[in-house]
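The values are calculated or read from the model by the stated rules, or taken from the named source; none is laboratory data. Predicted model only: the values in this text are computed from it and were never measured. So basically every Cβ, Gly included, is an ideal-geometry build from the backbone, and we count neighbours across all protein chains shown.
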Ligand code: BGC
């Protein structure tokens with residue numbers, strides 16, 4: 001299914017059905033604004049092993065505090081929301097929003113705020129919660145001084161995972177915690193190939209996985225300041241540095257699993273855990289998945305920053321919003337209160353591989369990887385992800401996905417960067 005990410009344009013094309021429904025003007029079956037007090041629907045794209053476990057932890061935390069309500073899991077499979085975004089848009093257009101849905105801060109949440117689709121969640125931001133969340137991240141879900149979402153945790157997008165045993169078997173030195181360069185990475189991929197190992201794990205069925213490889217490589221080429229300049233409108237998407245990143249991505253893709261196009265991100269990660277492929281550039285939801293797959297950090301697998309991105313943290317922040325006229329507004333708010341609680345933040349992130357957004361959560365019971373990620377989150381340069389819809393608007397996101405799909409076939413660096421430059425201007 002094609003990922004259609006521009007909610008506002010779709011609503012305009014669809015005659016603003018949802019906006020009317022949100023004003024209480026619709027009587028369509030299942031339309032929002034009703035008073036369904038027994039059910040609460042939560043919509044997400046969390047369907048892999050670790051994602052489902054994390055979602056369950058969120059549900060459990062809510063249900064413990066609010067017994068008697070049936071939580072309806074409206075999850076739609078497809079990594080990075082590739083299918084869920086389109087399904088959600090259709091529902092929003094039809095005036096049938098879920099009570100709660102998953103999104104990200106920045107441009108992703110802004111599209112819903114601007115279209116008047118999400119409810120004001122400021123009441124969840126009691127002093128204790130507000131004081132515990134970094135101000136920039138509160139700002140990233142706010143408009144006109146009001147908060148429109150509650151973030152559950154922060155993933156690091158720019159991680160390079162590897163099967164340690166496979167590297168050792170192929171005589172490739174295991175990367176250290178930092179300082180791993182693009183040149184060494186490319187040389188190691190070549191070595192693995194000559195040793196008869198599948199060098200790069202890739203869940204190419206999820207376009208976001210290839211886009212993520214490019215995003216991380218682009219960050220490595222630009223650095224955090226260059227990234228901010230590029231994504232806030234000042235930089236050029238067809239600059240030499242972007243071309244270098246595209247060229248390096250094309251080189252990396254030559255080493256991808258020949259079965260990549262049939263695999264989702266979590267199936268590719270499973271192959272890494274099983275020792276069927278060596279490296280994977282992927283956000284740290286892969287950590288949760290590797291552990292779920294039975295792989296052991298430090299023994300079976302290791303991790304380092306994606307080449308060239310030491311000291312920068314691509315923050316992919318999982319955020320829940322509630323429909324403006326949710327069918328069950330009281331429970332929707334209670335659900336978000338649970339998401340904001342220290343208990344749920346800990347339980348959710350434990351399974352998910354991310355770190356709690358609240359800085360007052362004791363992370364000592366989380367894995368060594370997550371404790372290190374929590375430190376990086378507190379001290380690294382934080383940048384927003386384009387692939388996960390935070391840093392650029394949804395139209396650009398869609399153009400990036402389309403361009404990545406073409407580029408995967410053509411490897412045409414100039415055509416690719418030109419398409420991105422055009423999209424950034426329109
Ligand atoms: C979400 C993660 C999710 C990943 C893969 C990202 O957009 O932030 O929570 O695990 O996609 O589905």
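A few notes on this one:
- Selected residue (only one of 72, 87 is at pLDDT 50 or above, away from the ligand (no atom under 16 Å from the Cβ) and over 17 Å from the mean Cα position of the chain (by Cα)): 72
- Pairs with Cβ under 7 Å, 6+ apart, first in region 42-55 and touching a residue at least 60 places away in the same chain (Cβ under 8 Å), second part of a strand (DSSP E or B) and within 7 Å of the ligand (Cβ to nearest atom): none
- Residue list for region 307-333, filter: closer than 22 Å to residue 108 by Cβ and away from the ligand (no atom under 16 Å from the Cβ): 309, 312, 322, 323, 324, 325, 326, 332, 333
Yes/no matrix, rows are residues, columns are (1) out of contact with any helix residue (DSSP H, G or I) (no Cβ under 7 Å at 6 or more places or on another chain); (2) not in a helix (DSSP H, G or I):
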position: 40; (1), (2): no, yes
position: 53; (1), (2): no, no
position: 61; (1), (2): no, no
position: 68; (1), (2): yes, yes
position: 71; (1), (2): no, yes
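- Scope region 57-82; condition touching a residue at least 60 places away in the same chain (Cβ under 8 Å) and closer than 21 Å to residue 317 by Cβ; matching residues: 57, 58, 61, 62, 78, 79, 80, 81, 82
- Residue, nearest to the ligand (Cβ to nearest atom), within region 101-127, restricted to residues that are assigned to a strand (DSSP E or B) and within 24 Å of residue 157 (Cα to Cα): 102
- Out of 251, 334, sole residue that is over 28 Å from residue 61 (Cβ atoms) and either touching a strand residue (DSSP E or B) at 6+ places or on another chain (Cβ under 7 Å) or in a helix (DSSP H, G or I) (or both): 251
Listed here are the residues, each with its yes/no results for (1) part of a loop (DSSP other than H, G, I, E, B); (2) in the same structural domain as residue 40 (by TED's automatic domain parsing); (3) surrounded by fewer than 20 Cβ atoms within 10 Å (Cβ to Cβ).
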position	(1), (2), (3)
320	no, yes, no
327	yes, yes, no
345	no, yes, no
348	no, yes, no
359	yes, yes, yes
366	yes, yes, no
378	no, no, yes
383	no, no, no
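- When residue 336 is tested against the conditions (1) in the same structural domain as residue 283 (by TED's automatic domain parsing); (2) away from the ligand (no atom under 16 Å from the Cβ); (3) in contact with a helix residue (DSSP H, G or I) (Cβ under 8 Å, 6 or more places away or on another chain), the lone failure is (1).
Every residue, every condition in (1) within 16 Å of the ligand (Cβ to nearest atom); (2) touching a residue at least 24 places away in the same chain (Cβ under 8 Å); (3) buried (at least 16 other Cβ atoms within 10 Å of the Cβ), yes or no:
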| position | (1), (2), (3) |
| --- | --- |
| 171 | no, yes, no |
| 181 | no, yes, no |
| 185 | no, yes, yes |
| 203 | yes, yes, yes |
| 214 | yes, yes, yes |
| 242 | no, yes, yes |
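- Test: residue 412 is out of contact with any strand residue (DSSP E or B) (no Cβ under 6 Å at 6 or more places or on another chain) and either assigned by TED's automatic domain parsing to the domain that holds residue 290 or at pLDDT 95 or above (or both): yes
- Hits in region 285-302 (condition: part of a strand (DSSP E or B) and surrounded by fewer than 24 Cβ atoms within 10 Å (Cβ to Cβ)): 297, 302
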